[in-house]
Amino acid sequence: MQADDPARAALAESAACGLPVLPQLRLLTVAEALSTPPPRRALELNAELDTLCTALRQGVRRRSGWLYFVPATRPLPAAVPRGLLQAALLCFADGVLALPDGQAAVQLEAAPHAAVLVLRGGLGRTLPADTRALLLRLAAICGGAVVQSGGSGPFTAALRLPVRPGLPLCEAPAPDSLLCDRYSALQVFLPGACISPQA
């Protein structure tokens, strides 16, 4: 956890006193994700989603096969903030995990000049309240679009994210960076569902 602004400094002080900080850190992380400007570097979406889905499969206490990731057949660089992408997908995963036998599919497809990210799983009513706002911001920040369905039925979202092959790439983190950090996005968004890094 970084203490580079007053809110994070206050959280660091609370953590030093032994107070629970994950709920406040989640609120701060969502606020930052919703207000982050477009980055000057691109993320290769196959690598980013593979890291996140691998960490989810390894870190979540759930039977194997609950989460499927289908990558695209070619690299898809997009100007998407990593924190926003992680927050949106982890909120989606939280909605899936709210169901006893919930299954999720994360699929990335290559379209002309765009990546299409499709999320399937859970129910509209089981999604955390900020999931839709994060998905809409994810699409809007890079000039894309999102189509959602769910309401009280099965949830599906398809995001069209324009690719930016001319931008320099950020290297994707290793899954261990999410699994071993007690303040990683995985722990912040799924604290009751994940294996604790201290275990």
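The values are calculated or read from the model by the stated rules, or taken from the named source; none is laboratory data. Note that the structure is a prediction, hence the values are computed from the model and not measured. Don't worry about glycine lacking a Cβ; one is built from the backbone with ideal geometry, like all the others, and counts go over all protein chains shown. Note: areas computed on protein heavy atoms with side chains; ligands, DNA, RNA excluded. Shrake-Rupley method; radii C 1.70, N 1.55, O 1.52, S 1.80 Å.
How large is the helix-only mean residue ellipticity at 222 nm for the chain, computed as the sum of -39500 (n - 2.57) over DSSP H runs with n ≥ 4, divided by its residue count, in deg cm²/dmol to the nearest 500?
Values: 7 runs with 77 residues, N = 199.
Result for the chain: -11500 deg cm²/dmol, rounded to the nearest 500.
Dividing the radius of gyration of the alpha carbons in the chain by their Kirkwood radius gives 0.95 for Rg/Rh. Between Val70 and Glu32, the distance separating the two model label sites (each 7 Å from Cα on the Cα→Cβ line) works out to 3.4 nm.
Carbon and sulfur together cover what percent of the accessible area of the chain at a 1.4 Å probe radius? Answer for the chain: carbon and sulfur cover 58 percent of the accessible area.
Close amide-amide hydrogen proximity is noted between Ala111 and Val116, each under 5 Å apart and 5 or more residues distant or on a separate chain (H modeled in the peptide plane; Pro and chain starts excluded).
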